[in-house]
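Down below is the structure, laid out as C-alpha coordinates.
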Amino acid sequence: MGTTEDIMQRMSRKGLRVTEQRKTMVRLFDGASGYLTPKEVYEQMQREYPGLSFDTVYRNLRLLLDMDVVEQIVFEDGVKFKLSCEEQHHHHHMICLQCEKTLPIRFCPMSETDVPGDFEVVKHKFEVFGYCGDCKDAAATGTASSKAT
(Lines give C-alpha, C1' and ligand atoms only; values in the text may rest on other atoms or scores of the structure.)
Protein backbone atom coordinates (compact mmCIF):
# COMPACT_ATOMS: atom_id res chain seq x y z
CA MET A 1 0.00 0.00 0.00
CA GLY A 2 2.89 2.39 0.67
CA THR A 3 4.50 4.17 3.53
CA THR A 4 2.69 6.36 6.03
CA GLU A 5 4.05 9.42 4.22
CA ASP A 6 2.74 8.15 0.85
CA ILE A 7 -0.70 7.68 2.38
CA MET A 8 -0.61 11.14 3.97
CA GLN A 9 0.35 12.67 0.62
CA ARG A 10 -2.62 10.91 -1.00
CA MET A 11 -4.89 12.38 1.68
CA SER A 12 -3.48 15.85 1.06
CA ARG A 13 -3.97 15.54 -2.72
CA LYS A 14 -7.61 14.62 -2.05
CA GLY A 15 -8.00 17.80 -0.02
CA LEU A 16 -8.22 15.97 3.31
CA ARG A 17 -6.60 17.31 6.46
CA VAL A 18 -3.43 15.47 7.41
CA THR A 19 -3.69 15.24 11.19
CA GLU A 20 -1.44 13.61 13.76
CA GLN A 21 -4.34 11.32 14.71
CA ARG A 22 -4.65 10.10 11.11
CA LYS A 23 -0.88 9.57 10.88
CA THR A 24 -0.98 7.61 14.12
CA MET A 25 -3.83 5.44 12.87
CA VAL A 26 -2.02 4.65 9.60
CA ARG A 27 1.17 3.83 11.55
CA LEU A 28 -0.90 1.57 13.80
CA PHE A 29 -2.08 -0.45 10.81
CA ASP A 30 1.36 -0.40 9.25
CA GLY A 31 2.80 -1.98 12.41
CA ALA A 32 -0.02 -4.48 12.96
CA SER A 33 0.68 -8.13 12.23
CA GLY A 34 -2.95 -8.91 11.48
CA TYR A 35 -6.46 -7.54 11.47
CA LEU A 36 -7.66 -4.98 14.02
CA THR A 37 -11.19 -4.48 15.30
CA PRO A 38 -12.51 -0.92 15.60
CA LYS A 39 -12.38 -1.41 19.37
CA GLU A 40 -8.69 -2.38 19.25
CA VAL A 41 -7.93 0.68 17.11
CA TYR A 42 -9.87 2.88 19.55
CA GLU A 43 -8.11 1.44 22.60
CA GLN A 44 -4.66 1.87 21.08
CA MET A 45 -5.43 5.38 19.84
CA GLN A 46 -6.81 6.32 23.30
CA ARG A 47 -3.36 5.77 24.79
CA GLU A 48 -1.98 8.67 22.77
CA TYR A 49 -5.16 10.73 22.44
CA PRO A 50 -7.19 10.28 25.66
CA GLY A 51 -10.06 12.55 24.55
CA LEU A 52 -10.57 10.76 21.25
CA SER A 53 -14.09 9.47 20.66
CA PHE A 54 -15.03 6.11 19.20
CA ASP A 55 -17.04 7.96 16.52
CA THR A 56 -13.90 9.78 15.38
CA VAL A 57 -12.01 6.51 15.14
CA TYR A 58 -14.82 4.91 13.15
CA ARG A 59 -15.13 7.91 10.79
CA ASN A 60 -11.39 7.71 10.11
CA LEU A 61 -11.58 3.96 9.54
CA ARG A 62 -14.31 4.63 6.95
CA LEU A 63 -12.15 7.33 5.35
CA LEU A 64 -9.18 4.94 5.11
CA LEU A 65 -11.49 2.27 3.72
CA ASP A 66 -12.87 4.64 1.06
CA MET A 67 -9.30 5.55 0.09
CA ASP A 68 -8.38 1.83 -0.23
CA VAL A 69 -5.75 2.26 2.49
CA VAL A 70 -7.34 -0.45 4.63
CA GLU A 71 -9.48 -3.48 3.80
CA GLN A 72 -12.53 -4.51 5.80
CA ILE A 73 -13.31 -8.17 6.41
CA VAL A 74 -16.38 -9.48 8.18
CA PHE A 75 -15.40 -12.36 10.46
CA GLU A 76 -17.83 -14.42 12.52
CA ASP A 77 -16.90 -12.31 15.56
CA GLY A 78 -17.32 -8.97 13.76
CA VAL A 79 -15.73 -6.49 11.41
CA LYS A 80 -11.95 -6.16 11.28
CA PHE A 81 -9.60 -3.95 9.30
CA LYS A 82 -6.12 -4.42 7.92
CA LEU A 83 -3.76 -2.36 5.78
CA SER A 84 -4.58 -3.08 2.14
CA CYS A 85 -2.36 -5.67 0.57
CA GLU A 86 0.18 -4.63 -1.99
CA GLU A 87 -1.16 -6.81 -4.82
CA GLN A 88 -1.60 -4.37 -7.69
CA HIS A 89 -4.03 -6.42 -9.77
CA HIS A 90 -7.62 -7.37 -9.02
CA HIS A 91 -7.72 -10.33 -6.66
CA HIS A 92 -9.56 -11.88 -3.73
CA HIS A 93 -8.50 -13.59 -0.48
CA MET A 94 -8.28 -16.84 1.43
CA ILE A 95 -8.21 -16.08 5.16
CA CYS A 96 -7.24 -18.43 7.97
CA LEU A 97 -9.83 -18.40 10.75
CA GLN A 98 -7.18 -19.25 13.35
CA CYS A 99 -4.17 -16.98 12.65
CA GLU A 100 -5.85 -14.65 10.12
CA LYS A 101 -3.08 -15.22 7.58
CA THR A 102 -4.33 -13.82 4.28
CA LEU A 103 -3.41 -15.28 0.91
CA PRO A 104 -4.36 -13.89 -2.51
CA ILE A 105 -6.70 -15.69 -4.89
CA ARG A 106 -5.59 -14.62 -8.33
CA PHE A 107 -8.68 -15.97 -10.12
CA CYS A 108 -11.82 -13.87 -10.04
CA PRO A 109 -15.03 -15.94 -10.12
CA MET A 110 -17.13 -12.94 -11.16
CA SER A 111 -16.92 -13.81 -14.86
CA GLU A 112 -18.40 -17.23 -14.02
CA THR A 113 -21.24 -15.76 -11.95
CA ASP A 114 -24.74 -15.83 -13.40
CA VAL A 115 -25.75 -12.18 -13.05
CA PRO A 116 -29.34 -11.33 -14.06
CA GLY A 117 -29.51 -9.17 -17.18
CA ASP A 118 -30.90 -6.12 -15.40
CA PHE A 119 -28.35 -6.14 -12.56
CA GLU A 120 -25.21 -4.01 -12.91
CA VAL A 121 -22.28 -5.14 -10.75
CA VAL A 122 -20.22 -2.12 -9.67
CA LYS A 123 -18.12 -3.70 -6.95
CA HIS A 124 -17.54 -7.18 -5.58
CA LYS A 125 -15.53 -9.08 -3.01
CA PHE A 126 -14.82 -12.77 -2.75
CA GLU A 127 -13.34 -14.26 0.42
CA VAL A 128 -12.74 -17.87 1.36
CA PHE A 129 -12.36 -18.75 5.05
CA GLY A 130 -10.63 -21.87 6.32
CA TYR A 131 -7.40 -22.97 7.98
CA CYS A 132 -3.89 -22.50 6.66
CA GLY A 133 -1.52 -25.46 6.62
CA ASP A 134 0.24 -24.39 9.83
CA CYS A 135 -2.99 -24.02 11.81
CA LYS A 136 -4.49 -27.20 10.39
CA ASP A 137 -1.32 -29.12 11.32
CA ALA A 138 -1.23 -27.51 14.79
CA ALA A 139 -4.86 -28.53 15.42
CA ALA A 140 -4.10 -32.07 14.31
CA THR A 141 -1.12 -32.32 16.68
CA GLY A 142 -2.81 -30.40 19.50
CA THR A 143 -0.41 -27.42 19.54
CA ALA A 144 -1.59 -23.80 19.63
CA SER A 145 -1.06 -21.27 16.86
CA SER A 146 -0.66 -17.51 17.25
CA LYS A 147 -2.01 -14.77 15.00
CA ALA A 148 0.17 -13.84 12.05
CA THR A 149 -0.23 -12.57 8.49
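The values are calculated or read from the model by the stated rules, or taken from the named source; none is laboratory data. Source: prediction; values computed, not measured. Here the Cβ positions follow ideal geometry from the backbone for every residue, glycine too, while neighbour counts run over all protein chains shown. The area values use the complete protein model at the heavy-atom level, side chains included, leaving out ligands, DNA and RNA. Shrake-Rupley method; radii C 1.70, N 1.55, O 1.52, S 1.80 Å.
Sequentially through the stretch 17-22, phi angles give Karplus couplings (6.51, -1.76, 1.60; θ = phi - 60°) of 5, 9, 9, 4, 4, 5 Hz, Gly and Pro residues having no value and appearing as x. When Tyr131, Tyr42, Tyr35 are compared by accessible area at a 1.4 angstrom probe, the order from most to least is Tyr131, Tyr42, Tyr35. Remark: the stretch 46-53, residue by residue, has Karplus-estimated 3J(HN,Hα) of 4, 4, 9, 10, x, x, 5, 8 Hz, where x stands for each Gly or Pro and the curve is 6.51 cos²θ - 1.76 cosθ + 1.60 at θ = phi - 60°. Heavy-atom accessible area for Met110, with the other protein chains in place and a 1.4 Å probe, reaches approximately 50 Å². Compared with the direct C-alpha span, the chain from Leu65 to Val121 gains 18.2 nm at full extension, assuming 0.36 nm per residue. Result for the chain in a Gaussian network model with C-alpha springs under 10 Å: among Val70, Val122, Val18, the largest mean-square fluctuation is at Val122. Within the listed set Thr56, Thr102, Thr37, the residue fluctuating most in the Gaussian network model of the chain (springs between alpha-carbon atoms under 10 angstrom) is Thr56.
Hey, what's the stretch 34-149 come to in accessible area per residue, 1.4 Å probe, Å²?
On the way: 7530 Å² over 116 residues.
On a per-residue basis, 65 Å².
Binning the C-alpha pair distances of the chain at 10 Å intervals from 0 yields a P(r) profile of 10, 34, 32, 19, 5, 0 %, listed from the shortest bin outward.
With a 1.4 Å probe and all protein chains left in place, how much of the accessible area of the chain comes from carbon and sulfur atoms, in whole percent? List each step's numbers first, then the result.
Details: 4720 of 9490 Å².
That share works out to 50 percent.
The phi torsions of the stretch 119-126, fed into the Karplus equation with coefficients 6.51, -1.76 and 1.60 and a -60° offset, translate into couplings of 9, 9, 7, 10, 7, 8, 9, 9 Hz, rounded to whole numbers, with Gly and Pro shown as x.
Tell me, what is the FRET efficiency for Thr141 and Asp114 to the nearest 0.05, using R0 = 35 angstrom and their Cβ-Cβ distance as r? Please report the intermediate quantities before stating the final value.
On the way: r = 42 Å, r/R0 = 1.20.
For Thr141 and Asp114, the calculated efficiency is 0.25.
Separation of the stretch 1-23 from the stretch 88-131 is 28 Å, based on Cα centroids. Working from Cα pairs under 8 Å separated by at least six residues, relative contact order for the chain is 21 percent.
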